[in-house]
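Readers should treat all values here as calculations from the given coordinates under stated rules, not as data from a laboratory. Everything quoted here is computed from the prediction, not taken from an experiment. Neighbour counts are summed over all protein chains in view; Cβ atoms, including those assigned to glycine, are modelled from backbone coordinates with ideal geometry.
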Amino acid sequence: MPDTGVPRPGPTAPTGTAGQGGTPGQGGGSWAGAAGRLSGLGVSQGRAAGPVMRLAGPPELPAPRAVTDPGAEAATVAKALAAVAAELNRRAMAAGGEAAEILEALAMIAEDPVLLEEAERLTGAGHDAAHALDAAFARHREALAALGGHLAERAADLDDLRHRAVASALGLPMPGLPSPGHPYVLVATDLSPADTAGLGPDVLALVTERGGPTSHTVILARGRGLPAVVACGGVMDLDDGTVIGVDGGTGEIAIGLTELETAEVARAETARRTLLGTSRGPGRTADGHPVKLLLNIGSAADLRPAGTEAGLAGVGAEGVGLFRTEFLFLDRKRAPSFEEQVGAYAEVFEQAESVVVRTLDAGTDKPLPFLGLPAEQNPALGVRGLRVDRLLPGVLDTQLDAIAAAARDTGTRPWVMAPMVTTAEEAAGFARRARARGIEQVGVMVEVPAAALRAGRLLREVDFLSIGTNDLAQYTFAADRQHPALADLLDPRQPALLELIALCARAGREAGKPVGVCGEAAGDPLIAPLLVGLGVTSLSMAPVCVPAVREALAGLTHEECGHRARTALG
Ligand code: PEP
Ligand code: MG
């Protein structure tokens with residue numbers, strides 16, 4: 001970690017907020033009676049306590065068993081398939097909408113009599129239930145793949161059904177998110193953004209064994225205000241049901257909390273949130289220099305902080321600085337229609353007057369299966385973000401049409417920007433297509449060093465820049481943003497990253513155009529003043545981060561922010 005003279009307890013640990021005293025991230029007692037401890041990287045502030053439920057992976061097939069009662073094996077097969085169908089139907093009811101249709105269709109495959117007959121036939125031929133199911137699914141898969149086209153696409157779905165059925169026949173928990181019927185702390189080796197987006201309200205906190213501080217899983221957790229710890233070695237060894245305390249600020253995990261301690265964590269966390277919730281007003285340094293505080297969201301639902309209907313005003317933000325539209329469509333096998341897109345964008349525009357929409361940023365850890373992009377050897381350096389337009393130009397055109405239509409329907413004037421822009425030519429091409437649809441404020445994200453180095457040239461083509469520090473750090477330091485061992489290279493105080501941000505801010509000042517930061521660094525109260533000192537004009541972050549950043553800025557003059565920036569650069 002570079003020595004920049006700026007203290008840093010953890011990627012998102014909040015500082016004490018001016019006028020409030022104390023350290024809001026630290027409420028809830030010391031967990032002195034804990035039977036054991038683990039530690040990882042705290043990446044989404046807040047504390048929670050509750051029983052562990054682990055995310056089960058695909059079951060491993062044991063060696064085949066000698067079968068003495070084929071009838072009993074056939075009954076196990078039938079029971080396992082029925083259990084899979086029942087679980088998917090239950091999830092469909094809970095999910096509603098398009099997700100429900102997909103889950104119901106999967107449940108129907110599990111209930112397919114041809115599959116059942118094949119598996120039963122195999123038990124009759126001497127296979128145990130788990131192997132009979134495994135072989136029956138393999139044949140079903142081959143048959144579907146041979147049909148080609150749309151049906152062949154469904155072949156991959158069969159793998160998930162196979163894992164579920166085999167697990168059930170072996171008496172193991174089914175893979176996928178647990179649903180124990182009570183609140184729990186979700187523990188996993190790793191979580192995909194799609195898993196995280198699908199978490200129900202019964203998840204109290206997330207702890208993963210792998211993962212880096214700026215992965216999209218973390219971003220989704222933070223957006224939902226869920227305490228989260230990543231890179232926590234040994235956490236998967238905990239048994240389901242073990243009560244743990246999670247501190248998403250310090251990364252500390254306390255094992256074996258008592259009922260009293262668990263209740264105290266919940267009480268202190270509610271008090272902390274209430275305290276931070278009272279912070280209001282536009283972003284300003286102590287001497288009144290304005291810095292817009294904006295929100296990063298993935299859908300309209302993120303504009304309603306958990307448990308309230310307070311909307312944007314809930315945290316007193318001045319608009320949406322990053323609407324990650326791809327989060328609406330993660331895991332989707334079918335492309336969202338134009339109408340569906342218009343509806344989803346309009347829902348956000350109706351709630352927030354000022355919105356910066358980012359066009360789809362697919363690729364690497366945010367796969368959008370409906371795009372059908374070819375597998376790549378090095379996806380982070382491949383066709384992602386705006387580059388998808390090189391292979392599938394219709395996708396961006398439809399999205400820009402939908403954004404423009406939603407703007408007309410709602411009478412709003414959203415700003416629109418593209419992710420992963422590298423050259424001025426790309427910026428110019430994007431701006432031309434957006435402006436042709438009546439979009440007035442067009443920008444690009446700076447996530448690639450080449451774009452930062454040419455910020456002034458980019459600003460001749462577009463109206464604003466938004467610096468994505470998560471990717472800019474990844475590409476500047478050649479350090480995978482999901483890699484738990486490289487967190488120090490991804491630290492936003494690294495001088496090389498700060499130099500690139502300073503370059504962009506200077507170019508913005510010279511052009512008289514706004515340059516904001518919308519990566520996770522913007523939501524860190526220790527880093528935000530430094531970014532302001534470098535000259536950025538807005539900070540966009542998860543709603544939960546706004547109060548602490550507002551208070552951090554309010555405690556320093558603009559010159560003091562500048563001093564911090566110069567120290568860090570030096
Ligand atoms: C970034 O890279 O900093 C950014 C804001 O985009 P995302 O995290 O969605 O890649
Ligand atoms: Mg990015």
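In the chain, the longest principal axis of the Cα atoms and the axis of helix 558-569 are about 60 degrees apart. Can you give the log10 of the normalised intensity I(q)/I(0) at q = 0.06, 0.07, 0.12, 0.13 Å⁻¹, computed with Debye over equal Cα scatterers of the stretch 281-569? Those come out to -0.17, -0.23, -0.73, -0.86, one per q.
Charges were assigned to the Cβ only: +1 to each Lys and Arg, -1 to each Asp and Glu. The resulting dipole of the chain about its Cα centre is roughly 1760 debye. Nearest 10 degrees is fine. How inclined is helix 97-110 to the longest principal axis of the chain, computing both from alpha carbons? The angle comes out at about 20 degrees.
Computed over every Cα-Cα pair of the stretch 130-249 and binned at 5 Å starting from 0, the pair-distance distribution P(r) comes out as 2, 10, 17, 17, 15, 13, 11, 9, 4, 1, 0 percent. Once the chain from Glu376 to Arg506 is taken as fully extended at 0.36 nm per residue, the excess over their C-alpha distance is 43.2 nm. Here the spin labels are modelled as points 7 Å beyond Cα on the Cα-Cβ line, and at Asp287 and Thr270 they lie 4.4 nm apart. Measuring max minus min along each principal axis, the C-alpha atoms of the stretch 469-514 give extents of 39, 16, 12 Å (largest first). Computed over the alpha carbons of the stretch 70-169, Rg followed by Dmax gives 13.4, 43 Å.
Relative to the dominant Cα principal axis of the chain, helix 495-511 is inclined by about 60°. Pairs of Lys residues in the chain, spaced 8 or more positions apart or belonging to different chains, with C-alpha separations under 30 angstrom: 4 in total.
The dipole here belongs to the stretch 239-375: it is taken about the Cα centre, uses +1 on the Cβ of Lys and Arg and -1 on the Cβ of Asp and Glu, and is about 500 debye. Simple spin-label estimate for Ala35 and Glu499 gives 5.2 nm between the two label positions (7 Å along the Cα-to-Cβ direction from each Cα).
Only Cα sites of the chain enter the Debye sum here, all with the same form factor; the resulting log10 I(q)/I(0) across q = 0.07, 0.08 1/Å is -0.44, -0.57, listed in q order.
Go ahead and run the numbers for FRET between Gln351 and Glu101, Cβ-Cβ distance against an R0 of 25 Å, rounding to 0.05. Efficiency computed from Cβ-Cβ geometry: 0.40.
Once fully extended, how much extra length lies between Asp157 and Val114, figured as 0.36 nm per residue of separation less the alpha-carbon to alpha-carbon distance?
Values: separation 43, 0.36 × 43 = 15.48 nm, distance 1.66 nm.
Net length gain for the segment: 13.8 nm.
Annotation for Ser337 and Arg408: the two label points, set 7 Å from Cα along the Cα-Cβ direction, are 1.8 nm apart.
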